[in-house]
Amino acid sequence: MNKFGGPAFELAAGIEWVRDSLEWGAGMNTGGSLEPLVLKKLELFSEATLLAPLVPAVTPVTELNAWGREFPSAEGRSIEALAMTYLRDHGVRSIVVEDEMASRGDSDLEEGGSLCFVNDRVLRWAALEEVSSEVTRFLQRHTTGYPTNVYFCRLDGAALGLENGKTLNPADQQRVVDAICAIVVSVYDGDAFFMLSTDSLRPLGDL
């Protein structure tokens with residue numbers, strides 16, 4: 001059992017699952033994304049955590065795959081909130097999402113909070129000052145695509161250089177990647193999330 005009450009997983013299996021998710025996202029966005037930069041840093045992560053409940057009614061999870069598990073939603077959301085609280089308490093200040101459902105030029109990009117671009121790829125971010133209903137709605141709204149790749153950073157949006165409507169240059173992109181201390185991706189057909197985190201939640205740029 002992991003620290004949030006879900007099943008434990010080996011680090012190597014977790015890294016490979018996250019690698020597949022990042023490669024999938026990068027392949028969908030050949031014009032540019034953060035995922036190729038993050039892929040270069042995967043071996044720096046030190047803990048793998050399934051953010052899903054350990055309940056008898058669900059078929060035991062012994063491997064990570066894309067088959068749905070229908071985890072109880074209330075228990076799942078509770079574990080996700082515990083994980084975000086843990087991350088916030090250990091220094092995470094912002095959440096950055098690579099939005100798989102949007103691209104530059106879409107008519108509704110003004111909705112849904114702060115956004116910027118890596119070429120035509122849309123990045124959205126939110127502060128993690130507290131685990132509020134607003135943060136929960138942000139994640140629910142912007143993690144509906146597949147794959148879902150979410151980055152938890154040790155710096156806030158301003159320190160990351162994120163500005164609404166800005167196109168991130170290579171230095172900006174590297175700044176975001178270096179501040180990442182946890183990655184969350186979808187698993188089990190979107191029924192749960194899986195997290196990789198660094199030792200003591202140190203940012204990648206310090207490792």
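The values are calculated or read from the model by the stated rules, or taken from the named source; none is laboratory data. Since we're looking at a predicted model, the values are computed, not measured. Every residue, glycine among them, receives a Cβ derived from its backbone with ideal geometry; neighbour counts consider all protein chains shown.
Quick one: in segment 159-179, of everything that is within 13 Å of Arg124 (Cα to Cα) and hydrophobic (A, V, I, L, M, F, W, C), which residue is nearest to the chain's Cα centre (by Cα)? Residue satisfying both the conditions and the ranking: Val176. Flag: Leu139 does not match the condition of being under 13 Å from Met84 (Cβ atoms) and touching a Lys or Arg at 6+ places or on another chain (Cβ under 6 Å).
Search segment 85-107 for residues that are within 12 Å of Cys181 (Cα to Cα) and pair each with any residue that is of a type outside the set (A, V, I, L, M, F, W, C) and assigned to a helix (DSSP H, G or I) when their beta-carbon atoms are under 8 Å apart and the residues are at least 6 apart or on different chains. Between residues of segment 85-107 that are within 12 Å of Cys181 (Cα to Cα) and residues that are of a type outside the set (A, V, I, L, M, F, W, C) and assigned to a helix (DSSP H, G or I), the close pairs are His90/Ser200; Ser94/Gly157. Somewhere in segment 179-197, is a residue surrounded by fewer than 20 Cβ atoms within 10 Å (Cβ to Cβ) and farther than 27 Å from Leu11 by Cα? No, there is no match, as no residue in segment 179-197 is surrounded by fewer than 20 Cβ atoms within 10 Å (Cβ to Cβ) and farther than 27 Å from Leu11 by Cα.
Checking each residue in segment 6-38 for being charged (D, E, K, R), assigned to a helix (DSSP H, G or I) and surrounded by fewer than 21 Cβ atoms within 10 Å (Cβ to Cβ) picks out Glu16, Arg19, Asp20, Glu23. Answer with yes or no whether Ser186 is within 15 Å of Ser94 (Cβ to Cβ), modelled with pLDDT under 90 and among the hydroxyl-bearing types (Ser, Thr, Tyr). Against the criterion (within 15 Å of Ser94 (Cβ to Cβ), modelled with pLDDT under 90 and among the hydroxyl-bearing types (Ser, Thr, Tyr)), Ser186 does not qualify. Of all residues in segment 131-171, those that are among the hydrophobic types (A, V, I, L, M, F, W, C), at pLDDT 80 or above and surrounded by 14 or more Cβ atoms within 10 Å (Cβ to Cβ) total 9.
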